[in-house]
Amino acid sequence: MIKVEQLTKCYGPVKAVDSISFEVSKGEIVGFLGPNGAGKSTTMKMLAGFLPPTSGSAQVAGRDVFRESLRAREHIGYLPENVPLYPDMRVHEYLRYRAALKGVPGRRMNERVGDVLELCGLGDVEKKIIGRLSKGYRQRVGLADAMVHEPDLLILDEPTIGLDPNQIRLVRDLIRNLKRHHTILLSTHILPEVEMLCSRVIIINKGRIEALDSPQNLRARLGVAGHITLDARVADAKAAAAGIRRIAGVDSVSARTDGGWTTFTIQAGPGADPREAIYDHAVAEKWPLRELSRSAVSLEQVFAEVTHSDEN
Amino acid sequence: MRRFLTLLGRELGSAFHQPLAYVVLFFFLLITGFNFHAGVSLLNKSAGSTTMVEAFFNTVYFWFAFVLVFPLITMRVFAEEAKLGTIETLMTAPVRDGQVVFAKYFGALFFYLILWLPSLLYFFVFQWVTSMSAAGAAGSYLGAYAMLILIGMLYTAIGCLASALTDNQIVAAVIAFAGILGLFFLGLLSLFLPGAGPFVRELTYYFSPIQHMMDFSRGIFDTRPVVFYLSSTLLVLFAVFQVFKYRRWKS
């Protein structure tokens, strides 16, 4: 669906996007992840046909975004970051206008506008003036606009930014439902969102792609092991920590005593899972045990790892 | 074509959705009404061969309202879209740059023409009350309104260019006003240089709206101003198109 090759965008001497290449196939939801100023929005603007690239090429649905811009744009629904809308129009007026602009034929107009109004939960504000809508509704009007012409590809630039948790959930559910009919490229700061929605993640930093994989693989590939937490009642925390450190597969141990209980934070070596050995050790030492767990590596850590290592 | 009409409809809609439109309409009516009054007084005093149409379109009040109205009509067209960011949604829809530029231009021009509609009523009322012809001949009407449209075309294009240059409406209005006023006063050059020979007078005739209007409202049809206004409108619109494209590509 999307094919990007060596795409570069320079603003004067600054390379906002530095020869990135990737492909997205039909039906995927791909998350675009990166710190502010990483080049997410710039890349999306180029894909949507708004910005011309300095060099490189991009295709959407087999059409070159720059040489056959109009044809490609017919296949794209784009929601810009700050959701620009005309404040003087009513919701249904705006959607009709946008649908006509994007070539929805007159006979299908009512059906399409009705569909997106329902899908985005805009039925009750249909006749309201956009300028008076709350942020959450505006966001949904933007989404409705992006998909009113049934595009093959949806490009959503931070679709949940600035919304309250309830609205975020609504928008996420909406996006998840869209998966059936559209390929989606979305950018976000919110990492759990990516883990929930996306089949693949592109981590971009300073205009370069740092990682491109499924959330699961990213975790595994980067080898960021989670830490193990052991909560036990021990007589001497220092001696106990030294004892744990001797267990095979344990890299380092730190202990924090709170009342009678001591919490050990144990870093395991790469690929090792010494939980069983730790349990055996605790049993042998006859420590009463309150907790023994391993935290899952979140994408957050992966993200920090990937974008941070570049800075050093 | 359907896309162009959709865009044009949106332009007209947005023009009438804002309060400024009605403020402009109101004050424009006020000034032209006063101008009509001044024209009638002028006719009462002088027993010359001046017609009502001539008197109406050749007063200071007329020109005052005329040059003032364009920045107000056009300052919005591109600047607002850039400010709101809707230029991004607009230009990622499958529409051509040219379609957008023309739709915006004709939207503004159409609003300008609507401003002049009530003026027809003045002449109708004049004829009804005085049972005298407001114009010497039909050509006088035709000439005067043709000139209104021709000068309007060029000045609207200049206003659009100013609006395309910036995303601040006030700045757009100031640039448009300066440009239109500059061009207007250029046409008065021979007045400022009384010592200038016939060459300068001949030259300034080409871009003096006052001269053009004086002739056309008498029913004298001259092709030179027609060619001048049409060609310079096209030139300015071409500039608008280039600026529009350039600004998008730079953003």
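Below, the figures for the structure above:
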{"item": "Whether chain B is rounded, prolate or oblate, judged on the alpha carbon gyration tensor where a/c under 1.5 counts as rounded", "result": "prolate"}
{"item": "Approximate shape of region A:225-296 as ellipsoid semi-axes (Cα gyration tensor, √5λ), whole Å, largest first", "result": "18, 12, 11"}
{"item": "Förster radius 35 Å - calculated FRET efficiency between residue B:242 and residue A:21, Cβ distance, rounded to 0.05", "result": "0.60"}
{"item": "Inter-part distance where region B:83-125 and region A:117-132 are each reduced to a Cα centre, Å", "result": "27 Å"}
{"item": "Inter-chain shielding of A:79-87 (mean C-beta neighbours from other protein chains, 10 Å cut-off)", "result": "5"}
{"item": "For the protein assembly as shown, share of DSSP beta bridges that run antiparallel, in % to the nearest 5", "result": "70 percent"}
{"item": "C-alpha long axis of helix A:91-101 to longest principal axis of chain A, angle in °", "result": "70 degrees"}
{"item": "Percentage of interatomic Cα-Cα distances in region A:1-148 larger than 19 Å", "result": "58 percent"}
{"item": "Cleavage-rule hits (GluC sites (Glu not before Pro)) in region A:81-144: DSSP loop, at most 16 neighbouring Cβ within 10 angstrom", "result": "A:126"}
{"item": "Separation of alpha-carbon centers, region B:177-236 and region A:1-48, rounded to whole Å", "result": "53 Å"}
{"item": "Reachable aspartates and glutamates, given that their alpha-carbon falls under 12 Å from the alpha-carbon of residue B:83 and they are not under 8 places away in the same chain", "result": "B:167"}
{"item": "Set of aspartates and glutamates near residue A:128 by C-alpha distance (under 18 Å), chain-local residues within fewer than 8 positions excluded", "result": "A:88, A:93, A:115, A:118, A:145"}
{"item": "Nearest-ten-degree value, helix A:299-311 long axis tilted from longest Cα axis of chain A", "result": "90 degrees"}
{"item": "Quarter of Cα convex hull surface for chain A, i.e. mean projection, nm²", "result": "20.3 nm²"}
{"item": "Volume in Å³ per residue [convex hull over Cα atoms, computed for the protein assembly as shown]", "result": "217 Å³"}
{"item": "Of B:104/B:250; A:135/B:250; A:135/B:104; A:40/A:127, pairs whose Cα-Cα distance is over 25 Å", "result": "A:135/B:250; A:135/B:104; A:40/A:127"}
{"item": "Anchor residue A:206: aspartates and glutamates whose Cα lies under 15 Å away (excluding residues fewer than 8 positions away in-chain)", "result": "A:18, A:305, A:310, A:311"}
{"item": "Kyte-Doolittle at least -1.0, axis length at least 24 Å by Cα - qualifying DSSP helices, chain B", "result": "B:19-45, B:97-130, B:138-165, B:169-186, B:223-250"}
{"item": "GluC sites (Glu not before Pro) within region A:1-34, DSSP loop, no more than 14 other Cβ atoms inside 10 Å", "result": "none"}
{"item": "Separation between Cα centres of region B:1-72 and region A:143-183, rounded to whole Å", "result": "47 Å"}
{"item": "For region B:2-250, size of Cβ-based charge dipole, Lys and Arg +1, Asp and Glu -1, in debye", "result": "480 debye"}
{"item": "On Cα atoms only, tilt of A:135-147 relative to the major axis of chain A in degrees", "result": "60 degrees"}
{"item": "Value at 222 nm in deg cm²/dmol, rounded to 500, when DSSP H runs of n ≥ 4 in the protein assembly as shown each add -39,500 (n - 2.57)", "result": "-18000 deg cm²/dmol"}
{"item": "Relative contact order of region B:2-250, pairs being alpha-carbon contacts under 8 Å that are 6 or more residues apart, as %", "result": "26 percent"}
{"item": "Sequence-separation-based contact order of region A:2-221, relative, with Cα cut under 8 Å and 6+ spacing, percent", "result": "28 percent"}
{"item": "Shielding by partners - mean other protein chain Cβ count within 10 Å, residues of B:90-103", "result": "5"}
{"item": "Where trypsin sites (Lys or Arg not before Pro) in DSSP loops with at most 16 other Cβ within 10 Å are excluded, longest remaining stretch of chain A", "result": "A:68-126"}
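None of the figures in this text is laboratory data; all of them are computed from the coordinates on show. Remember, it's a predicted structure, so these values are computed and weren't measured experimentally. Note that each Cβ is placed from the backbone with ideal geometry, even for glycine, and that neighbours are counted across all protein chains shown.
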